[in-house]
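Below is one structure, written out as structure tokens, with a few remarks after it.
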Amino acid sequence: MFLFRLKDEPEVCVEVDTLLPEKLKKLDVRDVKNLKVRLGKLETSVEELFDVERVEGESVIFEGKWLDRVKRIGFGMTEGEIVVRGNAGMYTGAFMKGGRIVVEGSVDRFAGMNMSGGEIVVRRNAGDYLGSGYRGDAGMKGGRIVVEGNAGDEAGIKMKGGEIIVKGKAGLFFGGMMSGGTARAERAERAGANMKNGMIVLEKARDEDILPGFTYTGKDEFENRIYYVFEGDKAVRKSKGKLLVRELEQ
Amino acid sequence: MKLVLKNGVVFDPLNGINGEKMDIYIKNGRIVNKIRFGAKEIDLEGRVVMPGGFDIHTHIAGGKENVGRLMRPEDSLKNLVPRKGKLRSGSGKSVLSIHITGYEYAKMGYTTALTPATPPLMARHTHHELNEIPILDKAMFPLFDGNWYIMDRIADRDFEAIRNYVAWLISATKGYAVKVVNPGGTEAWGWRKELHSIDDEVPEFGVTPREILTALIRAAEELKLPHSVHLHCNNLGEPGNYETTIETIKITEKFERSERPLLHLTHLQFHCYAGDSWKTFESGAEEVVKEVVKHDVSVDTGNLMFGDTTTMTADGPMEYHLQLLTGRKWANKDVELETAPGITPILYSRKSPVNSTQWAIGLEIPLLLPAEKVMITTDHPNGAPFTKYPEIIALLMSRKYRENMLEKVHKAASSRTMLGSLDREYDLYEIAMVTRANQAKITGFHDRGHLGEGAVADIAVYDLPAEPDTSDYEKIIRAFSNAYMTIKRGEIVVKEGEVVNTVTGYTRYLDVKYDRWIEKDINAYFRDYYSVSMQNYVIGVDEMRRCESVPVQA
């Protein structure tokens, strides 16, 4: 649909929550150039910061060397596709309700915050608070996040639904306080602290990574593989959370 | 500034004016009989004119309100108000920050709000917040329910000391009335014991809620305070609590009637539940209403409206039980020797049989009582944020709206209450009573709540005809949420639902006389128990931005 190429390194972060596929599809290049985006506390036009081109296909594409200083890509989007050719800044796909975001580099913190639908694919790493909630709020309610690299701390915290898949390692408190949904990672530290419901699947875990609030309930099959199943976190009343671990290391 | 409001249809219950077309003259912030020349004229073209709205019970400032704000950043996100000209920015939907609290009230035509339930030790915080709330006139009620000094003196039967202490504390905290929340219950909970009736003893003190309440009503009567004891009864929100409420109302039988009611029961909706468990939960409003009519008490409704809100009350045990039910975050703000308010968020859902019944009870009470006895509140933010007042007004005015809502909510609202069978529709005269006149009358704000000569020129104008079509309830909601004009002390602050100007309101407090010997007695408590000294506890007049004192002759 459109390609946005960041002209130069912005002095402060840019916020592009106005550039959503569902809004852009009815506009022509000139209208898009005049749309307003935030540059720090000021409002400025798209033209000032980006080169805009119409391109083949249905996706909105962001390009440029300094995209990690562009925040709120796909903030609250409901349909369509956004492709980020580089690293995306904070709040990528936050409050997202539908559609798809593909980030070819890494994402910064709070990606997929309060997300309730759609999909985010990150080719490299994710920062802290992946699929979390706004401070004080419940986390991700639906949709799917796939991170092909590692994730930072507190991914999937207070998650209520949906799916987070981290192909690499996840940081501290993976799926902490979750009450629904599925969170998967290769490894994670202190996974499922205070979880009430939902499922965490880890491929590998050391003994000390399993929190004392979890009790071992036996082995079970999940996706044609045998996993050790733990239930918890018993620090929470009536908790029914599941922690699945394929390989336990000493 | 001189102002004439021409061709308004005036509803002024305290002066018996019911929908008369007349002009109102304003000079130097007061209403006068006539202005000869030099006044600015505004033609209202038959719009409804009422005195400025008066909220008798709203938690807008103080310690626990601030804990609520800190605890709920996600609530702030739902309503972000940017700075605009002279107006300050703010945020919050159920726990509003202080500046937008004033603006939101003014938009609805409200000009006075009383904040109840401040632990005396937090009074300084409350006053500093009240100072910053724009437009509104305010007053604050200090809490007396779990006060160690009072409970000790009740055990000693030293009534002289209690009366002097009440007078001293109201003066020291610059309060306006005696507020009692779950008398004895919060202190008992601190000792890991629950009180289930008003005759259970508070551990370590050996006094009962009945004794605490009787002593405080007696003190308020003997001191001739302008507002009666403002009571949040025991057993709030528990099925079957209507019996406790009736028992409490009967305490007033022992006292002689005076010019004002002997007791104010606040947020009555939360105290009118029958049944013995959440499964058999139903309305006990009819029984309570009968007693309210018979006795010399005033009530406010405490309506519950659907949606997400934050509950906060000085009733610590109740909040603790509530968070066990909801499983959401919770905080308790214990205040030494005084009380322990709790805070927890809650979502009132239409699909829930209990919430739907509570919603219906909140409407049953005003529809069963005569309008002279009713005051509308939501116990902001416990039943709902105060911004829901227009919806409650519309529900009272329009039978059609109630029928539409009954279809949307859980069927328990129809089967467990009698709301469906109530045909009554409030008219604008009665609405003026339940939203401003009654409040001003029972709290002794004699220059508010009416438009007679000498009253403060707090005026609300709504874009409604004198006899609005009650089936078009959306128009009623729109009119009451966006006042056509709000005038505060003769200054126009709202025009067509937009705040155009801001003024600083006054904080009203009582100047009560007490015997000096009491200070020595109280000082012993400060020395032995409090973490602050008495000198730092007393609030000076210089700490209030704009205040007016009301002398009380005992």
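Points to keep in mind about this one:
- When the stretch A:1-31 is limited to residues that are over 27 Å from the mean Cα position of the chain (by Cα) and aliphatic (A, V, I, L, M), the one that is surrounded by the most Cβ atoms within 10 Å (Cβ to Cβ) turns out to be A:LEU27.
- Some residue of the stretch B:455-462 being outside any helix (DSSP H, G or I) and among the aromatic types (Phe, Trp, Tyr): yes
- First in the stretch A:39-68 and closer than 23 Å to A:GLY105 by Cβ, second anywhere and among the acidic types (Asp, Glu) and loosely packed, with under 15 Cβ neighbours inside 10 Å, Cβ under 7 Å, 6 or more apart: A:TRP66/A:GLU9
- Of the strands (runs of 3 or more DSSP E) lying entirely inside the stretch B:271-363, those containing at least 3 residues that are within 14 Å of chain A (Cβ to nearest Cβ) span B:342-348.
- Filtering B:THR126, B:THR118, B:THR101, B:THR112 for residues that are of a type in the set (Val, Ile, Thr), surrounded by 22 or more Cβ atoms within 10 Å (Cβ to Cβ) and in contact with a Phe, Trp or Tyr (Cβ under 6 Å, 6 or more places away or on another chain) leaves a single hit, B:THR112.
- Selection status of B:ALA177, in a helix (DSSP H, G or I) and touching a residue at least 60 places away in the same chain (Cβ under 8 Å): no
- Just one of the listed residues (A:VAL60, A:VAL37) is out of contact with any Ser or Thr (no Cβ under 8 Å at 6 or more places or on another chain), under 20 Å from A:ALA88 (Cα atoms) and in a strand (DSSP E or B), and it is A:VAL60.
- The set of residues from the stretch A:128-162 being among the small types (Gly, Ala, Ser), more than 14 Å from chain B (Cβ to nearest Cβ), crowded, with 24+ Cβ neighbours inside 10 Å and farther than 22 Å from A:ARG206 by Cα comprises A:GLY131, A:GLY143, A:GLY162.
- Matching residues, the stretch B:493-536, being touching a strand residue (DSSP E or B) at 6+ places or on another chain (Cβ under 7 Å) and aromatic (Phe, Trp, Tyr): B:TYR506, B:TYR509
- For the stretch B:364-380, the set of residues classified as more than 15 Å from the chain's Cα centre (by Cα), within 18 Å of B:GLY53 (Cβ to Cβ) and assigned to a loop (DSSP other than H, G, I, E, B) is empty.
- Qualifying residue in the stretch A:163-179 (condition: within 14 Å of chain B (Cβ to nearest Cβ) and among the polar types (S, T, N, Q)): yes
- Helices (runs of 4 or more DSSP H) lying entirely in the stretch B:46-129 (those with 3 or more residues that are more than 21 Å from B:VAL180 (Cα to Cα) and within 14 Å of chain A (Cβ to nearest Cβ)): B:63-71, B:73-77
FYI, it's all coordinate maths here, none of it is from the lab. Please read these numbers as outputs of a predicted model, since none were measured by experiment. Note: ideal-geometry Cβ built from the backbone for every residue, glycine included; neighbour counts use all protein chains shown.
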